[in-house]
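The values are calculated or read from the model by the stated rules, or taken from the named source; none is laboratory data. This structure is a prediction, so every number in the text was calculated from the model and none was measured. With ideal geometry, Cβ positions are generated from the backbone for all residues, glycine too; neighbour counts draw on all protein chains shown.
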Amino acid sequence: MKRSEVLFLCTGNYYRSRFAEHVFNHLAEDRQMDWRAYSRGLAIELVDSRAGPISPHTRAGLAERGISLGNGVRGPIALAEDDLERADHIVALKRQEHWPLLNRRFPRWVDRVEFWQVDDVDCASPVKALPQIEILVVGLLGRLTR
C-alpha cells in the first residue's frame, strides 16, 4: 500500500515549507500515521545562494520543539510537475504570495491547493509565524485522520 503524501509549498523552500515538512513528519510518526510530507519552492532562485541550505529560524524552531533534521540537511528544491502529481494533498503557505507563482508556472494545479495565510519574515517574526504553522499542521493532521 502506498503511503500518502503532503506537499508543502512556499517561495524559496528555505523557511516556512521546510518547517511545516519537518513538524508534519515528526507528528505523523508520533501518531503512527501513514502520511509523509515533503516540501518544494515555487521560486528558489530568489533565495540568496549564500544563505545556507535551510533557514536558521527553521533550525531554531525545530530544535525548540525537539525535532531533529535527521541525516543531513538538504538545500532548497524547486517545484516540478512530478512533485505535484505524487502529492495526495498540497498546501501553499500564503495565498497572496504563492497563488500568482503557482498560477504562472503550474496553472492546472491551482484548484487542488489548500492555501494558508502564514507571512514570511518580512511581515511576521518567526516567533509568530512558526507557532502558527505548527497549529495549522496539527489541524491538517487531524483532518487527514478522519
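Scan segment 92-109 and tell me whether some residue there is within 14 Å of C10 (Cβ to Cβ) and in contact with a Lys or Arg (Cβ under 9 Å, 6 or more places away or on another chain).
Yes: segment 92-109 contains one or more residues that are within 14 Å of C10 (Cβ to Cβ) and in contact with a Lys or Arg (Cβ under 9 Å, 6 or more places away or on another chain).
With the checklist (1) modelled with pLDDT under 95; (2) within 24 Å of E114 (Cα to Cα); (3) basic (K, R) in hand, flag the one item R40 doesn't pass.
Here R40 meets the rest and fails (1).
Take the residues in segment 52-62 that are outside any loop (DSSP other than H, G, I, E, B) and in contact with a Leu (Cβ under 9 Å, 6 or more places away or on another chain); name whichever of them is nearest to N13 (Cα to Cα).
Taking segment 52-62 first, the residues outside any loop (DSSP other than H, G, I, E, B) are 56-62.
Then keep just the ones that are in contact with a Leu (Cβ under 9 Å, 6 or more places away or on another chain); that gives 57-62.
Details: H57: 13, T58: 11, R59: 13, A60: 16, G61: 16, L62: 15 Å.
It comes out as T58.
How many residues are on the phi > 0 side of the Ramachandran plot and in contact (Cβ under 8 Å) with a residue 12 or more places away in the chain if we restrict to segment 11-51?
First, the residues of segment 11-51 that are on the phi > 0 side of the Ramachandran plot: 13, 32.
Pick out the ones that are also in contact (Cβ under 8 Å) with a residue 12 or more places away in the chain and you get 13.
Number satisfying all stated conditions: 1.
Matching residues to (1) surrounded by fewer than 14 Cβ atoms within 10 Å (Cβ to Cβ); (2) closer than 17 Å to E97 by Cα:
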residue	(1), (2)
V6	no, no
R31	yes, no
D34	yes, no
G41	no, yes
E45	yes, yes
S49	yes, no
H57	no, no
G61	no, no
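Could you say which residue among S17, S49 is over 14 Å from the mean Cα position of the chain (by Cα) and either modelled with pLDDT of 95 or more or more than 18 Å from E134 (Cβ to Cβ) (or both)? Spell out how you get there, then give the answer.
Working: S17 fails: over 14 Å from the mean Cα position of the chain (by Cα).
That would be S49, the only listed residue that is over 14 Å from the mean Cα position of the chain (by Cα) and either modelled with pLDDT of 95 or more or more than 18 Å from E134 (Cβ to Cβ) (or both).
Of the residues in segment 105-141, how many are at pLDDT 95 or above and either exposed (fewer than 11 other Cβ atoms within 10 Å of the Cβ) or in a helix (DSSP H, G or I) (or both)?
Here the count works out to 20.
Filter segment 65-103 for residues that are part of a helix (DSSP H, G or I), exposed (fewer than 15 other Cβ atoms within 10 Å of the Cβ) and among the aliphatic types (A, V, I, L, M) and give the result.
Across segment 65-103, there are no qualifying residues.
Within segment 10-28, how many residues are in contact with a strand residue (DSSP E or B) (Cβ under 8 Å, 6 or more places away or on another chain) and aromatic (F, W, Y)?
So the count comes out to 2.
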